[in-house]
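To start, the structure itself, in structure tokens.
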Amino acid sequence: MFRRILFILILSSVISSCGGAAPTITEEFIVIGSPTQSFLAEVTPTPESTQTFIPEPTSTPTVVPTETSLPPLELPTEIPNAPSLLPWDGTPTYLGDSQPGFSFRVLYDPDIWALTEDQFGYPALGHRGIPYCVISVTSGRGLPANVSVEQDILYTGKLTFYVGTAFENGVRKFVTYTGGDGTIVTAFEVSFQEQADECLADAATVITTLRSVPASQATPTP
């Protein structure tokens, strides 16, 4: 009996000593476990939907450039009782290809043309009946990329002209005549805005009268 009581006391003591540690382990597990779960929840955020802002295109007004025309040339009044043809004499525009001491001469009808100055101050013939129809002296020069030129050759008597028709964006803008009589080489430009065919026909009548004259016999340009 004594032994049984002693055994129970020892067993109770052992159980008591062991039972006190178990809750500690359990409490530590709970304490450690909870912060861990909380930490994992913080470092693993829930993905949120993102939106990318794409600006809507705005319409830009289309600006169409307008070509501003220069005023027509000022033409002198008609000469009373003028001869049927008047001379226009000048210095060849290709002096290196011309014999020294010679000028060019063309003949024009004063009822159709008037000798005046172009916008750059050079002598030119202005058409009395077709505004902006002008014959002026010129020489070779570069052209913008939107200008194309069609080449042709004109033979008339002792004259040979290389004819260049310039088109800007497909629209005929002016025609150049470069040539001479073997003594001088010069060039003319015929520009226009309206009635192009009529302007070119009247201009060709003047240009094909070209001939060289000694500079001493040239008529001074008024």
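The length gained on full extension between Leu75 and Thr165, counted as 0.36 nm times the residue separation minus their Cα-Cα distance, comes to 29.8 nm. Stretching the chain fully between Gln151 and Gln217 yields a gain of 20.4 nm (0.36 nm per residue, less the alpha carbon separation).
Need one word for segment 98-182: rounded, prolate or oblate. Basis is the Cα gyration tensor (sqrt eigenvalues a ≥ b ≥ c); a/c below 1.5 gives rounded, then a/b vs b/c decides.
oblate
The magnitude of the dipole of segment 122-194, with charges of +1 and -1 set on the Cβ of Lys/Arg and Asp/Glu and taken from the Cα centre, is near 120 debye.
Sites listed here are trypsin sites (Lys or Arg not before Pro) in segment 107-190 whose DSSP assignment is loop and whose Cβ has at most 12 other Cβ atoms within 10 Å: Arg141, Lys158.
In this label model, Asp197 and Leu85 are separated by 2.6 nm, measuring between points 7 Å along each Cα→Cβ vector. When the GluC sites (Glu not before Pro) in segment 132-207 are filtered for DSSP coil states and for at most 12 other beta-carbon atoms within 10 Å of their beta-carbon, the remaining sites are Glu194. Summing charges over all other residues whose Cβ lies under 14 Å from the Cβ of Thr165, with Lys and Arg as +1 and Asp and Glu as -1, gives -3.
Going by a ≥ b ≥ c, the root eigenvalues of the Cα gyration tensor, does segment 166-212 fall in the rounded group (a/c under 1.5), the prolate group (a/b larger than b/c) or the oblate group? In terms of gyration-tensor shape, oblate.
Every number here is computed from the coordinates shown, using simple stated rules; none is lab data. Keep in mind that what you see is a predicted model, and the values were worked out from it rather than measured. As a convention, Cβ positions derive from the backbone with ideal geometry for all residues, glycine included, and neighbour counts pool all protein chains shown.
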